[in-house]
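Read through the structure below, which is laid out as structure tokens, and then see the notes.
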Amino acid sequence: MTIDYLVEVIGEKSNPPSQTAISELEALIGGELPADYLDFLRRSNGGVAPPNIVETANDFVLDWILGIRPEEYLSIAEHHTDLKDILPNYVIPIIADPFGNYVCLNIKNENRGVTYFYDHEHTDDDLKKISDSFTQFVSLLNIVAPENA
């Protein structure tokens with residue numbers, strides 16, 4: 001899948017975030033958003049994924065694609081605040097599934113841009129690396145038949 005296609009199929013897209021809103025989020029999270037992810041936010045600002053998009057390696061079904069949004073369920077800032085005592089400080093949640101799991105994005109250190117899978121039922125385990133970048137993560141997404149979603 002491509003970022004262009006993902007942007008096209010997301011529901012409840014929003015206006016692009018302002019530079020002020022981006023700067024405020026980066027101050028809150030203590031890091032900079034990688035360029036490919038920031039470009040994605042400027043094009044969709046998150047939203048709701050169709051029910052048939054899956055990252056099959058981790059059986060991760062996309063639900064909420066977080067953005068710089070006022071709606072709590074779609075807000076990176078809200079999810080980050082809720083999870084700040086659980087997740088390492090170098091990642092932020094960027095996508096949630098219907099079961100309480102997240103795709104997280106590294107915003108600091110030499111692994112900036114790397115995506116990880118966070119399984120809320122295995123909090124004692126480290127984050128599981130998915131990809132080296134947001135763009136690569138999106139390329140791993142698949143559309144599955146509704147009976148398999």
Review point. Yes or no: I95 buried (at least 18 other Cβ atoms within 10 Å of the Cβ), in contact (Cβ under 8 Å) with a residue 24 or more places away in the chain and β-branched (V, I, T)?
Key: yes
Point to revise | Condition check for V61: buried (at least 21 other Cβ atoms within 10 Å of the Cβ) and either among the aliphatic types (A, V, I, L, M) or more than 12 Å from the chain's Cα centre (by Cα) (or both) | key: no
Matching residues in region 18-39 (in a loop (DSSP other than H, G, I, E, B) and crowded, with 19+ Cβ neighbours inside 10 Å) number 3
A57: passes all of (1) of a type outside the set (D, E, K, R); (2) in a helix (DSSP H, G or I); (3) more than 23 Å from V144 (Cβ to Cβ) but (3)
Within region 27-49, the count of residues that are more than 15 Å from the chain's Cα centre (by Cα), at pLDDT 95 or above and not aliphatic (A, V, I, L, M) comes to 0
In region 64-79, anything under 14 Å from the mean Cα position of the chain (by Cα) and charged (D, E, K, R) is listed as R69, E78
query = Is one or more of the residues making up region 73-86 among the polar types (S, T, N, Q), crowded, with 18+ Cβ neighbours inside 10 Å, more than 19 Å from P50 (Cα to Cα) and in contact with a strand residue (DSSP E or B) (Cβ under 9 Å, 6 or more places away or on another chain)?
reply = no
Got at least one residue in region 40-49 being loosely packed, with under 15 Cβ neighbours inside 10 Å and assigned to a loop (DSSP other than H, G, I, E, B)? no
For region 45-61, pairs from a residue that is among the hydroxyl-bearing types (S, T, Y) to a residue that is surrounded by fewer than 16 Cβ atoms within 10 Å (Cβ to Cβ) and modelled with pLDDT of 85 or more, with Cβ under 9 Å and 6 or more apart or across chains, are T56/N142
Using the structure shown, decide if L105 is modelled with pLDDT of 95 or more and not in a helix (DSSP H, G or I).
yes
Among the residues of region 108-149, the number that are at pLDDT below 90, surrounded by fewer than 14 Cβ atoms within 10 Å (Cβ to Cβ), assigned to a loop (DSSP other than H, G, I, E, B) and not aliphatic (A, V, I, L, M) is 5
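The values are calculated or read from the model by the stated rules, or taken from the named source; none is laboratory data. Note that this is a predicted model, so its numbers are computed, not measured. Cβ atoms come from the backbone with ideal geometry, glycine included; neighbour counts cover every protein chain shown.
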